[in-house]
Structure formats: structure tokens, C-alpha cells
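Undergrad: Before I ask anything, here is the structure I am working with.
The values are calculated or read from the model by the stated rules, or taken from the named source; none is laboratory data. Since this is a predicted model, take the numbers as computed values, not measurements. Methodologically, a virtual Cβ is constructed for each residue, glycine included, from the backbone with ideal geometry; neighbour enumeration extends over all protein chains shown.
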Amino acid sequence: MKILFINPSLRQGTDHIFLPVGLGYVVTYVKQYGYNFDILDIDAGDYSNEYVEQYLRKHKYDVICLGSIVTHYNWMKWCVNTIKEIQPDSKVILGNSVGGSIPEVVFQTTKVDIVIYGEAEITITKVLDAIKNDESFGEILEPLVEIPHANKGYPSTVRGKGIDGIIYRAKNNLIVNNGKRKAVKNIDEFPFPDWDLFDVETYLRIGGKKKVSYSSFYKRDEAIAMPVNTARGCVFKCTFCHYVFWHDPYRHRSAENVILEMKQLNKKYGANFFNFWDELSFHKLGPANKFVDKLIEADLKWHWTCAIRADLMGKDVDAKGNPVPREERLNLAKKFVKAGCVSAGYSLESGSDEILKDMNKKVESKFFKEQVHICREAGLINNTSIIIGYPRETKETIAQTMSQLEKLKIYPSTGYLLPLPETGMWNYALENGHIKNIDQYLTDITERQDFNINLTKMSRKEMEAETSKWLKRLNEKFGNPLKNLFKTGGEDKNTQNQVKENKNQKPEINQNTTEELNYGRVSGTMR
Ligand code: B12
Ligand code: SF4
């Protein structure tokens, strides 16, 4: 059976390419079960659509698998339909949120055969086994049970029973939903992504030299940054957010397992910088302390970033209402630094506590402020993303957000609200007629840095002008060289101000690169 995996390019033509962790997990798992395959890596090869088309004409497959973030819908639609036009007999499998968060839509707008919903490793292996053995994916339950979904105007899926975690096109063109697969409890069980299956050199060369992550922390040629996924899912449900593990419990790998992967990546590729690409790396003080203690004990001498929330060190009471002394929280931040962390990413999102409530963020802006002070004191770099454009956004709330950042001296990675399928704001936008044609909306959306939709009472012009005015002001005030104020991976000079502030607080970590090592300079966030 001939199998192809396609890795799309989210930001084609830019220097910003990143190893595809989700696909890395999937192909590694499938390989372990004895399957051989080709990978068409559009990101690493910077292949044009014409190239992809020609490739598909030259190479025939029984199964072609692809997936991405839902914002890449337009390209995915093109790709699936191109595959089906050129080789109609190949089975096309779609994964990640472009499949699982809008199955009804992609079954209508493309000729896709199977959508994998959620965690994909086990599911795809079962699907490949079934195709190889010419077995069915399950049975359609009679009488037909329709499964409701928010995306009205698209065909319903009907309930089926068989391989969990898939939605598939049956022979009679019914779209059959076999239901969710139960998430794997212990994610240490997944094999580490085998980066030898990819053109890892290209990723490291481009990623390192072009400073796509926090690599300017090292001398240019010394940084070898690689991603590591340490946790899956999140314990919160913000109304602007959606990820593949949305309906699964929050799961964290053990520190031992993560350390083992870091050691392997260092040994094999010389990696000395690790981006923990998680929705949420640590949700509570206890587990966070336990994890960093193990890292300190391992004395790895490498550096890392992670994803936390403003309530981890910024909130002075725990979930049960018991006080958490500042010292305890500061101590954790110091331990982060000692363990090699340079920046723990967390976000203000909005300076308006009312909007934070609409976001269901379950944090208050004061937590953010407190955490910024704690992180600075410990020697961690602060950065934030903000979302402009919740329905209750006004000039005043934008000012509230921006002026807080001005005081805290943090230049934000700014984006406009971009309602994505399965989120609270998606439902809001549909219910209130802001999204009228789902296919058109998904085809048109780009990134949150671009203006895509207006749910506020302000005009688009007003909102853009107000946002840009403030960003310009912060840019000038902080002495940033930003040409693109909505930076996506740009350089933020203000972080250099943080260097100066942190200079006297060099972390105790035993650094393996000493020259020009600083704890403050950091490339802008890439979200
Ligand atoms: C790294 C990253 C990026 C990188 C992508 C690099 C890369 N090549 O992967 C960059 C910086 C480019 C990026 C950009 C954006 N991102 Co981003 N990103 C992430 C991040 C932090 C890690 C992804 C990851 O590795 N996850 C870990 C793996 C294990 O999970 P996974 O990718 O979901 O993979 C599993 C399944 O999805 C599935 N699967 C994945 N691929 C495939 C392929 C096949 C064939 C199959 C069958 C299955 C399958 O199997 C995997 C294992 O179970 C996630 C947060 C997160 N932790 O997921 C956000 C996240 C994916 N990003 C998100 C968003 C919103 C964006 C942006 C739209 C933001 C923006 N600027 O507007 C842009 C998209 C830009 C664009 N042009 O479309 C959202 C996704 C929203 C959605 N519903 O689709 C996430 C979940 C963050 C969030 N909670 O908001 N991002
Ligand atoms: S925005 Fe962050 S805290 Fe909120 S649901 Fe998404 S990952 Fe969790």
C-alpha cells in the first residue's frame, strides 16, 4: 500500500518554518506499526502549488494524508480537490483542526474520504489497517441518528460504530460519524517524533539562523532550537480558543520522559534550546514545581520556553481560596530560570476585566501585572499577546489594554478577534449573523494580525486606527525598530530594555555558552 503524508506550508515564502510536531507524532507512530510512506514536505521544500500538482501527477498513492490548522482551510480545500482530480481512487485522510473542527463543511466542499477527529496517532493506524485489509470502518446505525452541529447549511453526519475518532464518507454518500476516540491517558506512551523522517537540517538551518524562536538568546550560529510537546490540552475553555484536544482531559508528560527527549535531541542534533509547544505547559504551582525540580536536578544546561497563564504566579489565592504567598510564587519563577527557562509565555489578552469575562479567561488583569513583576524579578522575559475586537470593545477598552502594557513596558503581539470553528465566539458570530457563509468566511480568513471580521460597535476604520495609534505610540516609546506593528516574529527592542533591568540578576544556571549570553533579548512572539 502506497502512502503519502503532505506537510503544508502555513506561511509560504517566509523564513519562519517550524518542525511540524503534530505530523511528526503521527508519522512516527504509523512507522512503528510497520508502514512505509513518502512525505511531501511543502514547508521545507518551499514547493509551489504547481510543483505539488506535478508531483501528484507523477506519483500515485493508495492513501494520502494531510492536515493543518483551520486557518489553512482554503489551501487544504484546493489540495484535497486537486488530489481527487488527479488520482480519484486514492483515499484522502484529513487531520488536525482543518478536518476535525469542521467535518460537515469539508465533506461538502471537498471530496475528502476520512476526517480524523482529535488525537490522531492510534486512529490513523486503525484506518490504515482497515484500508490495507479491505475492511469497513464500521457500521451505520439504523434508524439513522443525525448528529447536530453549529454549522447549519451543511449535511448532517449520522451516527456510526466502528473505528473511533473518524468521520467518513460511506458508499451511499452518507457522512458517518463514529464518535470520539478516548484520549490516551499516559502520553509518555507516544514515541518521540522521529525528526530523521524530515529534512531536519533545513528546519534547523532556517530556524536557527533566522531567529524564528528565542534563538537570539545565543550567538547566531550556536542556537539550535527544537520543539517539544510536554502537555496536551488545557484545563480552561476561553471563548476565542480552540485546539485539537479541546474535548480531552489535560495531560502532562512526566519530567523524566521530557528530559529523555531533550537529551536525545541534544545528542542527535545538538539542540540546546527547546520550545515547549503546548497549549498550557503548567496549570498549577505543585506540578510546575515538581517538573522544574527534576529539570534542575538533571542539570541540562540548556534553555527553554513554555506556555503558562497569568494566574500561575500572578494569583495570590489557590483554587480553594487559600492564600498563596508571593514568596512561593517568586520562588517558582526563580526555579524556572535555574532550570533554564528564558521566557514563560502568558497573555493579558485584554486590559478590560469585563472583556476578560467575555473571554471566559478566568483571570483578571491584575494577575498579569503581578506576574510580570514576579517574572522580571526572577529574570524571565515577559511578552504577551492581545486580542482586539470582542463585541464589547471600545476605544476606552483598547486604551485600558494598551496603557497597562505601556506602564509594564511590554510590546504586545497584537491580533484582531478571529472566530474559529467550535469556539464560543464562532457560535456568537453565527448566531448574530456576522458569519453568513461559512465556506466563504473560512476561505477568506488569514491570520489574527489581519482584520477579518468586526463584531464591535466601532467601525472597522475606527478600530484599526485606534489599535495602530497605540501600537505606534508603544513602538516609539520603547524605541522598537518595528516596521510591522502587528509583529509575527518581529524583533522587539523593548525586550532589550528588559535585559538591562535583568542584568544584575543573572540566573544561577551553569551556562554552556557564556559569550554574549543574555537573558533579555528575544525575538518577538510568533503567534
Ligand atoms: C507551533 C504552532 C504554530 C506554528 C506552526 C508550526 C508547525 N509547523 O506546526 C505557527 C507559528 C506557524 C502557528 C501559526 C498559527 N497558529 Co499555531 N500553534 C502552534 C502550537 C503552539 C503547537 C502545535 C503543536 O505542535 N501541537 C502539538 C501536537 C501534538 O498537536 P497537534 O498539532 O494538534 O497534532 C495532533 C492532531 O492535530 C493530529 N494531526 C496533526 N497534524 C496531522 C496531520 C495528519 C495527516 C493527521 C491525520 C493528523 C494530524 O495528530 C496530532 C497528534 O495527535 C499550537 C498549540 C498546541 N499546543 O497545539 C498552536 C495552534 C495550533 N495555533 C493556533 C492558531 C490559531 C494559529 C494562527 C492562526 C494564529 C494567528 N496568527 O492567527 C497561526 C496560523 C497561521 C496560518 N497562516 O494559518 C491554534 C489553532 C486553532 C485552530 N482551531 O486551528 C492553536 C491550537 C493555538 C491556540 N490554542 O490558539 N502555530
Ligand atoms: S487561551 Fe490558553 S487558557 Fe484559554 S483555553 Fe486556550 S490554551 Fe487554555
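Undergrad: In the range 263-318, what residues are modelled with pLDDT of 95 or more and among the small types (Gly, Ala, Ser)?
TA: Of everything in the range 263-318, those that are modelled with pLDDT of 95 or more and among the small types (Gly, Ala, Ser) turn out to be Ser281, Gly286, Ala288, Ala298, Ala307, Ala310, Gly314.
Undergrad: Identify, please: which residue in the range 436-452 is surrounded by fewer than 18 Cβ atoms within 10 Å (Cβ to Cβ) and outside any helix (DSSP H, G or I) and is, among those, nearest to the chain's Cα centre (by Cα)?
TA: Glu447
Undergrad: Now, a different point. In the set Leu405, Leu430, which member is over 19 Å from Glu354 (Cα atoms), of a type in the set (A, V, I, L, M) and buried (at least 16 other Cβ atoms within 10 Å of the Cβ)?
TA: Every option except Leu430 fails the conditions.
Undergrad: Inside the range 269-297, can you point out the residues that are more than 16 Å from ligand 1 (Cβ to nearest atom) and closer than 25 Å to Leu204 by Cα?
TA: Passing the criteria: Tyr269, Gly270, Asn272, Leu295.
Undergrad: Quick one: would you say Asn360 is assigned to a loop (DSSP other than H, G, I, E, B), more than 30 Å from Arg205 (Cβ to Cβ) and either at pLDDT 95 or above or away from ligand 1 (no atom under 16 Å from the Cβ) (or both)? If you could, list the steps in order and put the result at the bottom.
TA: Numbers: assigned to a loop (DSSP other than H, G, I, E, B): yes; more than 30 Å from Arg205 (Cβ to Cβ): yes; either at pLDDT 95 or above or away from ligand 1 (no atom under 16 Å from the Cβ) (or both): yes.
So Asn360 fits the description; yes.
Undergrad: Out of everything in the range 223-248 that is within 15 Å of Leu265 (Cα to Cα) and not β-branched (Val, Ile, Thr), what residue ends up being nearest to ligand 2 (Cβ to nearest atom)? Talk me through it step by step, then tell me what you get.
TA: Filtering the range 223-248 for residues within 15 Å of Leu265 (Cα to Cα) gives 223-230.
If we keep only those that are not β-branched (Val, Ile, Thr) too, we end up with 223, 225-227, 229.
On the way: Ala223: 26, Ala225: 22, Met226: 22, Pro227: 16, Asn229: 13 Å.
Here the residue is Asn229.
Undergrad: Consider Gly99 against the criteria (1) among the small types (Gly, Ala, Ser); (2) assigned to a strand (DSSP E or B); (3) under 27 Å from Leu417 (Cα atoms): it satisfies all of them except one. Which criterion is unmet?
TA: It is condition (2) that Gly99 fails.
Undergrad: Moving to a separate point now. Among the residues of the range 420-431, are any away from ligand 2 (no atom under 16 Å from the Cβ), touching a residue at least 40 places away in the same chain (Cβ under 8 Å) and either out of contact with any His (no Cβ under 9 Å at 6 or more places or on another chain) or not assigned by TED's automatic domain parsing to the domain that holds Trp246 (or both)?
TA: Among the residues of the range 420-431, at least one is away from ligand 2 (no atom under 16 Å from the Cβ), touching a residue at least 40 places away in the same chain (Cβ under 8 Å) and either out of contact with any His (no Cβ under 9 Å at 6 or more places or on another chain) or not assigned by TED's automatic domain parsing to the domain that holds Trp246 (or both), which makes the answer yes.
Undergrad: Another question about this same structure. Please go through the range 370-410 and pick out each residue that is under 21 Å from Ala333 (Cβ atoms) and part of a loop (DSSP other than H, G, I, E, B).
TA: Here is the first cut: in the range 370-410, the residues under 21 Å from Ala333 (Cβ atoms) are 370-385, 404-405, 407-410.
Gly379, Leu380, Asn382, Asn383, Lys409, Ile410, listed by residue number.
Undergrad: Being within 19 Å of Ala344 (Cα to Cα) and part of a loop (DSSP other than H, G, I, E, B) is the filter; apply it to the range 225-237 and report the residue that is nearest to ligand 1 (Cβ to nearest atom).
TA: Asn229
Undergrad: Here is a follow-up. Taking the range 310-331, which residues are basic (Lys, Arg) and without any contact (Cβ under 8 Å) to a residue 12 or more places away in the chain? Show your work before the answer.
TA: Within the range 310-331, the first condition is being basic (Lys, Arg), and the residues that meet it are 315, 320, 326, 329.
Across the range 310-331, the qualifying residue is only Lys320.
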